[in-house]
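Here's the structure, in structure tokens; my notes come after.
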Amino acid sequence: MNKTQIQTNNAPQAIGPYSQGIKIGNLVFTAGQIPINPKTGAIAEGGIEEQTKQVFENLKAVLLSANADFSDVVKTTVFLKDLKDFAKVNEIYAGYFQAPYPARSCVEVAALPKDVLIEVELIAAVKDA
């Protein structure tokens, strides 16, 4: 099965040997997105709420580039610097999804790139494949 690289200027560019996303068959796998504003290259200012919103806007751009949206997402993985932020993240997260919600894992990690507070990756099953 062929795999296709997903690439958009509306999300932060890969800064290493990885892709923003890969599509194989009807599945889309996104790279973990951190709260970098793709227009400025800066980390979203503010706390966990602002960073979470930026992460999901980045993920939205990657999904759109693959002809997908949040309704196609079947699995998410959320990495938090501090699990105490879970309730705030969960509130924003819920605004991007509708039932049936994707399966999800959420873990606290020792550190994230650029010392951000959150990173999220997705798997989506697109309808058009």
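No lab work stands behind these numbers, since they all come straight from the coordinates. Nothing here was measured: the structure is a model prediction, and the numbers come from that model. When we count neighbours, we look across all protein chains shown, and the Cβ atoms used for this are built from the backbone with ideal geometry, even at glycine.
Scanning the range 60-79 for residues that are touching a Gly at 6+ places or on another chain (Cβ under 9 Å) and part of a helix (DSSP H, G or I) turns up VAL62, LEU63, SER65.
Scanning the range 3-20 for residues that are surrounded by 12 or more Cβ atoms within 10 Å (Cβ to Cβ) and either at positive phi or assigned to a loop (DSSP other than H, G, I, E, B) (or both) yields GLN7, THR8, ASN10, ALA11, PRO12, ALA14, SER19, GLN20. All but one of (1) closer than 22 Å to PRO17 by Cα; (2) among the β-branched types (Val, Ile, Thr); (3) within 13 Å of the chain's Cα centre (by Cα) hold for THR40; which doesn't? Of the numbered conditions (1) closer than 22 Å to PRO17 by Cα; (2) among the β-branched types (Val, Ile, Thr); (3) within 13 Å of the chain's Cα centre (by Cα), the odd one out for THR40 is (3).
Name the residues in the range 24-55 that are part of a helix (DSSP H, G or I), touching a residue at least 40 places away in the same chain (Cβ under 8 Å) and surrounded by fewer than 21 Cβ atoms within 10 Å (Cβ to Cβ), would you?
Passing the criteria: only GLU49.
Residues in the range 80-129 that are in a strand (DSSP E or B), out of contact with any Ser or Thr (no Cβ under 9 Å at 6 or more places or on another chain) and either of a type in the set (A, V, I, L, M, F, W, C) or without any contact (Cβ under 8 Å) to a residue 12 or more places away in the chain (or both): LEU80, ALA125.
For the range 84-106, the candidate set comprises residues that are among the aliphatic types (A, V, I, L, M) and under 17 Å from PRO35 (Cα atoms); within that set, the residue that is surrounded by the most Cβ atoms within 10 Å (Cβ to Cβ) is VAL89. Taking the range 102-116 as the range and being more than 21 Å from ALA14 (Cβ to Cβ) and touching a strand residue (DSSP E or B) at 6+ places or on another chain (Cβ under 9 Å) as the test, the residues that pass are PRO102, ALA103, ARG104, SER105, CYS106, VAL107, GLU108.
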